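Chemist: Provided herewith is a single structure, encoded as structure tokens, for subsequent inquiry.
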Amino acid sequence: MRTKTVMVLILGLLIATIVGAVMALYLGGGFDLKGEEPYYAVQMENGDLYFGKVSYFPKFSLREAYIVQSVQDPTSPLGNSLRIIPLNQATIWSANKINLNKEKVLSISEVGKESQVMKLILGQ
């Protein structure tokens with residue numbers, strides 16, 4: 001009888017651990033065992049360029065996302081310049097997360113910690 005009780009407790013603990021891990025992945029965007037999560041640059045087929053922390057579950061998405069926007073710049077010889085804007089400050093969206101269609105992604109690459117893009121993101 002005692003062996004059955006121990007087995008039930010172990011099984012219950014295992015199930016609780018699995019449910020907790022799934023909930024953490026779903027609600028928290030994932031686990032990071034290395035420390036700070038890296039930012040990634042995601043280039044889409046339509047030319048859009050996003051920066052953010054990649055999440056694959058439940059959908060492919062970017063958290064803490066930024067978008068590259070063209071803005072009028074009278075000091076630029078071309079009349080426009082590019083700037084990186086947090087997604088929640090962009091004129092089209094109000095969220096800090098964007099779901100992306102994986103079929104429309106051209107490339108994904110990690111943003112270097114010392115890159116100018118990362119310095120702009122951290123400075124915002």
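The values are calculated or read from the model by the stated rules, or taken from the named source; none is laboratory data. The model shown is predicted, which means the values in this text are computed figures rather than measured ones. Cβ sites come from the backbone with ideal geometry, for glycine too, and all protein chains shown count toward neighbours. These area figures cover heavy atoms from the full protein model, side chains too; ligands, DNA and RNA do not enter into them. Shrake-Rupley method; radii C 1.70, N 1.55, O 1.52, S 1.80 Å.
Chemist: Given segment 35-124, what strands (runs of 3 or more DSSP E) lie entirely inside it while holding 2 or more residues that are in contact with a helix residue (DSSP H, G or I) (Cβ under 9 Å, 6 or more places away or on another chain)?
Modeler: Because the criterion is at least 2 residues that are in contact with a helix residue (DSSP H, G or I) (Cβ under 9 Å, 6 or more places away or on another chain), the strands (runs of 3 or more DSSP E) in segment 35-124 that meet it are 40-44, 49-55, 61-72, 80-86, 97-99.
Chemist: Please list, ordered by first then second residue, the pairs with beta carbon atoms under 7 Å, 6 or more apart or interchain, first in segment 45-74 and under 12 Å from P86 (Cα atoms) and of a type in the set (V, I, T), second open to solvent by 70 Å² or more (accessible area, probe 1.4 Å) and assigned to a strand (DSSP E or B).
Modeler: Qualifying pairs under 7 Å: V68/L82.
Chemist: Continuing with the same structure: Does S109 qualify as being surrounded by fewer than 12 Cβ atoms within 10 Å (Cβ to Cβ), over 14 Å from Y50 (Cβ atoms) and of a type in the set (S, T, Y)?
Modeler: Numbers: surrounded by fewer than 12 Cβ atoms within 10 Å (Cβ to Cβ): yes; over 14 Å from Y50 (Cβ atoms): no; of a type in the set (S, T, Y): yes.
The answer is no for S109.
Chemist: Here's a check for you: in segment 62-101, which residue that is of a type in the set (K, R) and in contact with a Lys or Arg (Cβ under 9 Å, 6 or more places away or on another chain) is most open to solvent (accessible area, probe 1.4 Å)?
Modeler: K97
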